[in-house]
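These notes are about the structure you will find just below.
The values are calculated or read from the model by the stated rules, or taken from the named source; none is laboratory data. It should be emphasised that the depicted structure is a prediction, and the values quoted were computed from it without experimental measurement. We work out accessible area using only protein heavy atoms, side chains counted, and drop any ligands, DNA or RNA first. Shrake-Rupley method; radii C 1.70, N 1.55, O 1.52, S 1.80 Å.
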Amino acid sequence: MRIESFSAEETYEFGKKLGEAAKPGTVFCLSGDLGVGKTVFTKGFAAGLGVTDTVNSPTFTIVQEYKGRLPFYHFDVYRIEEPEEMEEIGYEDYFYGDGVCMIEWAELIKELLPEEAVKVCIRKDLQKGTDYRLITVGE
């Protein structure tokens, strides 16, 4: 699936729709350059899950946990140097539990990801405008 977004609000709304449809045990792998809108997308996704807390990027804590209609686990593994560091936080309990995971920079821990993880990629195209984003899911 490919979605074109022309504003942060559209990116948020698409994330929200994906969150509304999310099923227990699903792991989403979110990729894109710095400043592309991964956190905006994730905030919308969390809203779609019914999360009412403020969602921030967990850059220094690696994972943030939120309560919604399903447990929501937001990972930012940008600072992970070795995949083994994920063992310290018990990643398997998150990845293979009843909640939903959103993992930013998932490519850094690709050997740990479930085979059925859903890839989400956000890209800019400045030729189409400064707020333009192409969001691909499952490709």
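Suppose a student asked you for the relative contact order of the stretch 7-83, using Cα pairs under 8 Å spaced at least 6 residues apart; what percent would you report?
Values: 103 pairs, mean separation 21.5, N = 77.
Relative contact order here is 28 percent.
Which whole-number value in Å² is the accessible area per residue of the chain, probe 1.4 Å? Please list the in-between numbers first.
On the way: 7690 Å² over 139 residues.
So the chain comes to 55 Å² accessible per residue, rounded to a whole number.
As I understand it, the value is the acute angle between the Cα axis of helix 38-48 and the longest principal axis of the Cα atoms of the chain; what does it come to in degrees, rounded to 10? Approximately 80 degrees, to the nearest ten.
For the chain, what does the helix formula give at 222 nm: sum of -39500 (n - 2.57) over DSSP H segments with n ≥ 4, over the residue count, nearest 500 deg cm²/dmol?
The per-residue figure over the chain is -6500 deg cm²/dmol.
Per residue, the convex hull around the alpha carbon atoms of the chain comes to 100 Å³. Among beta bridges from DSSP that stay inside the stretch 1-134, the antiparallel ones total about 40%. Note on Lys17: lysines with a C-alpha under 17 Å away, same-chain residues under 8 apart excluded, are Lys38, Lys43, Lys119.
Amide H to amide H distances under 5 Å link Arg69 with Gly50, Val51, where only residues 5 or more positions off or on other chains count and H is placed in the peptide plane.
A full extension of the chain between Ala21 and Val137 corresponds to an added length of 40.4 nm, given 0.36 nm per residue minus the alpha carbon distance.
Principal-axis analysis of the Cα atoms of the chain puts helix 8-21 at an angle of about 50° to the longest axis.
Distances over 20 Å make up what percent of all Cα-Cα pairs in the stretch 1-72? Roughly 24 percent, once rounded to a whole number.
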